[in-house]
Amino acid sequence: MLTLEGIEIAQGDFLLAADFTIAPGRKTAVIGPSGAGKSTLLGALGGFIPLRAGRLEWEGRDITQVPQGQRPIAMLFQDNNLFPHLSVAQNVGLGIRPDLKLTADDKASIALALDRVGLQGMEARTPGALSGGQQSRAALARVLVQDRPVILLDEPFAALGPALRQEMLDLVNGLATETGATLLMVTHDPADVRRIADDVIFVEGGRAAAPQPAKALLEDPPPALRAYLG
């Protein structure tokens, strides 16, 4: 269970507040207008942005001050964050050991992750030799080897075409179901919500609302969400 207890995130004049709990194993879409703070919320959960106030807990343990790399949270960014001079296997290996001093077990984990995302046989390639979809798969493999119970997706598939985007969403959905991970996904597209989300967090006006069941919320949205969805 991920608990946001009266948290406040401040960046310059911008302030975002949240106070709610996310049940384990849920897939939650984070939606709202551009600039509302969706990526900021995920960045704070991942430990990349400090909290101004409040507490963040995972399964009753306070992780507010826990460094990013030691949190039970893995994050997949918009740009995939792959290093062009490293091989696919090395880029994935960074998720296990930033110094890339990989053991035989580490290399086996990397091979398994690459197999699970459909990149078997591509370990030695560099990111520049991959398609956009393959780069997204490599970045997802790096999240998998971290083996964290919470996965954050900050629109990592936004640059992909519709068919490939749906394919990646289905892959993420299947892997999260298989591992039992709690998933939070920033998106602008209601189709993404309908495709994989159990719940929705609507971010608007300086507040991230508590998760609501996705189907019911999209069928009968409150006025602010109705205006956003058009």
Practice task
Using only Cα atoms, find the angle between the long axis of helix 162-179 and the longest principal axis of the chain, and express it within 0 to 90 degrees, rounded to the nearest 10.
Solution key: 90 degrees
Completion exercise
The farthest towards the positive end of the charge dipole of segment 1-91, of the residues H85, G12, L45, given +1 on Cβ of Lys and Arg and -1 on Cβ of Asp and Glu, is H85
Fill in the blank from the handout: Treating only Lys and Arg (+1) and Asp and Glu (-1) as charged, each at its beta carbon, one finds that segment 83-138 has a dipole about its Cα centre, in Debye to the nearest 20, of 100 debye
Completion exercise
Going residue by residue through segment 43-54, the Karplus relation 6.51 cos²θ - 1.76 cosθ + 1.60 with θ = phi - 60° gives ³J(HN,Hα) values, rounded to whole Hz and with x marking Gly or Pro, of x, 5, 5, x, x, 8, 10, x, 7, 7, 7, x
Practice task
Find the relative contact order for segment 83-138 and round it to a whole percent, using C-alpha pairs within less than 8 Å whose residues are 6+ positions apart.
Solution key: 48 percent
Handout entry: Spin-label model distance (nm) - E8 vs Q68, 7 Å beyond Cα toward Cβ
Key = 2.4 nm
Handout entry: Extreme residue, positive dipole direction of segment 137-180, given options L160, G174, V145 (C-beta unit charges)
Key = V145
Problem - Cα long-axis angle, helix 104-116 against the chain (0 to 90 degrees, to the nearest 10) - result: 60 degrees
Practice task
Give me the angle, in degrees from 0 to 90, between the Cα long axis of helix 132-146 and the longest principal axis of the Cα atoms of the chain, rounded to the nearest 10.
Solution key: 90 degrees
Problem - Mean Cβ neighbour count within 10 Å, used as a protection proxy, ranking 133-142, 98-107, 119-128 highest first - result: 133-142, 119-128, 98-107
Problem - the chain - share of DSSP beta bridges that are antiparallel (%, nearest 5) - result: 50 percent
Exercise for the section: Using amide H atoms built 1.01 Å from N in the peptide plane, name the residues 5+ places from L153, or on other chains, whose amide H lies under 5 Å from its own. Expected result: L76, L184, M185, V186
Completion exercise
For the chain, the percent of accessible surface on carbon and sulfur atoms (probe 1.4 angstrom, ligands and nucleic acids excluded) is 50 percent
Problem - Dipole magnitude of the chain, debye to nearest 20 (Cβ charges: Lys/Arg +1, Asp/Glu -1, about Cα centre) - result: 280 debye
Exercise for the section: Can you tell me the relative contact order of the chain? Whole percent, Cα pairs under 8 Å, sequence separation 6 or more. Expected result: 29 percent
Problem - Built amide H within the under 5 Å cut-off of T64, gap 5+ - result: L56
Exercise for the section: Could you do me a favour and compute the accessible area per residue for the chain, 1.4 Å probe, result in Å²? Expected result: 46 Å²
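The values are calculated or read from the model by the stated rules, or taken from the named source; none is laboratory data. The model shown is predicted, which means the values in this text are computed figures rather than measured ones. Reconstructed Cβ throughout: ideal geometry from the backbone, glycine too, with neighbour counts over all protein chains shown. Note: accessible area is taken over every heavy atom of the protein model, side chains too, but ligands, DNA and RNA are not part of it. Shrake-Rupley method; radii C 1.70, N 1.55, O 1.52, S 1.80 Å.
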